[in-house]
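Below is one structure, written out as structure tokens; comments come after it.
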Amino acid sequence: MKLQQLRYIWEVAHHDLNVSATAQSLYTSQPGISKQIRLLEDELGVEIFTRSGKHLTRVTPTGEQVLKIAGDILRQVESIKQLTNEHNSPESGSLSIATTHTQARYALPSVIQEFIHKYPKVALHMHQGTPMQIAEKADEGSVDFAIATEAIELFKDLVMMPCYRWNRCIIVPVGHPLTQLEKPTLEAIAQYPLVTYVFGFTGRSRLDKAFSRRQLSPNVVFTATDSDVIKTYVRLGLGVGIVARMACDESDEGLVSINAEHLIEPSVTYIGFRKGTYLRGYMYDFIGRFAPHLTRTVIDEVMALPNKESQLSYFEDIPLPYL
């Protein structure tokens, strides 16, 4: 069994069983990958993939288990590389982050600016997506850090640490009736069409629960993953917008923002990475800049805990800042 063979089956599985696309991404030949997969299957005495003619059609149940172990091995190999890179070039390397548009646009710019200034030789890569897409990238090991708020259950294989709390604001065009109310109620808001985030995205579940508790059925007429897109359609008069408070700017032309923290429970944003990941010095530094309470000591202590429940309970008595 060769490490190269494990990489081939892992990459094929994460290229939708497309051997040709895998060969392109690895700069090798399609026949070479197919041959190595066959040799590995022959050695193991099991099929990792089922086939229809020359095409791979699905991963076998045994293949699923083989792939999981192969992924763990490949990540350990990557950790060895990170360890030696930390020794040889402590301030050089790369850092990849998967997060939502709201985090990338409003929470991360100052952190990234400071980080790049301190580590000019570290290439930083940002991937934006939905919580599901973020979880997939983190699970397959194609990013170092995942930053997300919703659907934390999707990140079951990651060490997830809370960074900060945040709430929402209501955005309406200038002169809208809601601006005349000192503290708008959910009942008052529910009288208007709503423009907000798609379900399962950027705190949307807390919003839905708030309406549900008051036995209200909001009329959500438009959803998007991008706060700026939501603002655009509020300006067009499509409805009342509800977005993350960090995305509300006094300079938003033609819009008025109204604090909604009295209406909806705050959400918590987390940063996570795969358990067993070797964190380089600049990775600790990035986490600390994003969430100052996550010191190197805290991170190491949380990584040493046996399961996600104990990891999250570690932070029960630690007050989180608001953004």
Scoring the stretch 1-58 by relative contact order with C-alpha pairs under 8 Å, at least six apart, yields a percentage of 30 percent
For residue 275, counting only lysines whose alpha-carbon sits under 23 Å away and dropping same-chain residues fewer than eight positions off, the answer is 68, 81, 137, 156, 308
From DSSP H assignment alone, runs of 4+ in the chain each adding -39500 (n - 2.57), the sum over residues rounded to the nearest 500 puts [θ] at 222 nm at -12000 deg cm²/dmol
When all Cα-Cα pair distances of the stretch 1-81 are considered, the percent exceeding 22 Å is 17 percent
Cα-Cα pairs in the stretch 241-305 separated by more than 17 Å, as a whole percent of all pairs, come to 57 percent
Here, GluC sites (Glu not before Pro) of the stretch 63-130 satisfying both criteria (DSSP loop; at most 10 other Cβ within 10 Å) are none
The Cα extents of the stretch 90-208 along the principal axes, largest first and rounded to whole Å, are 56, 32, 20
Restricting to Cα pairs under 8 Å and 6 or more apart, the percent relative contact order of the stretch 84-153 works out to 43 percent
The percentage of the accessible area of the chain (probe 1.4 Å, all protein chains present) made up of carbon and sulfur atoms, to the nearest whole number, is 51 percent
For the stretch 22-156, the Debye formula with one identical point scatterer on each Cα and no solvent gives log10 I(q)/I(0) at q = 0.09 Å⁻¹ as -0.41
Candidates 176, 262, 55; GNM for the chain (alpha-carbon contacts under 10 Å) flags as most fluctuating 55
For the chain the mean separation of alpha carbon contacts under 8 Å (6+ apart) over residue count, i.e. relative contact order in percent, is 20 percent
Projected convex hull area of the chain, Cα atoms, direction-averaged, in nm², equals 20.3 nm²
Rg (one decimal) and Dmax (whole number) from the Cα set of the stretch 45-96, in Å, equal 17.1, 49
With the charge dipole of the chain built from beta-carbon charges (+1 for Lys and Arg, -1 for Asp and Glu) about the Cα centre, the Cα from 123, 302, 104 projecting farthest to the positive end belongs to 123
Rounded to the nearest 10 Å², the accessible area of residue 310 using a 1.4 Å probe with every protein chain kept is 30 Å²
So residue 80 and residue 1, fully extended at 0.36 nm per residue minus their Cα-Cα distance, gain in nm 26.5 nm
Taking Rh as the Kirkwood radius computed over alpha-carbon pairs of the stretch 171-279 and applying Stokes-Einstein at 37 °C with viscosity 0.692 mPa s, one gets a diffusion coefficient in µm² s⁻¹ of 221 µm²/s
antiparallel share of DSSP beta bridges within the chain, to nearest 5, in %, is 60 percent
Inter-part gap, Cα centre of the stretch 299-323 to Cα centre of the stretch 123-179, in whole angstrom, is 18 Å
Rounded to whole Å², per residue accessible area for the stretch 41-189 with a 1.4 Å probe reads 51 Å²
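The values are calculated or read from the model by the stated rules, or taken from the named source; none is laboratory data. Predicted model only: the values in this text are computed from it and were never measured. Ideal geometry is used to build each Cβ from the backbone, glycine not excepted, and the neighbour counts take in all protein chains shown. Heads up: the accessible areas ignore ligands, DNA and RNA and are worked out on the full protein's heavy atoms, side chains in. Shrake-Rupley method; radii C 1.70, N 1.55, O 1.52, S 1.80 Å.
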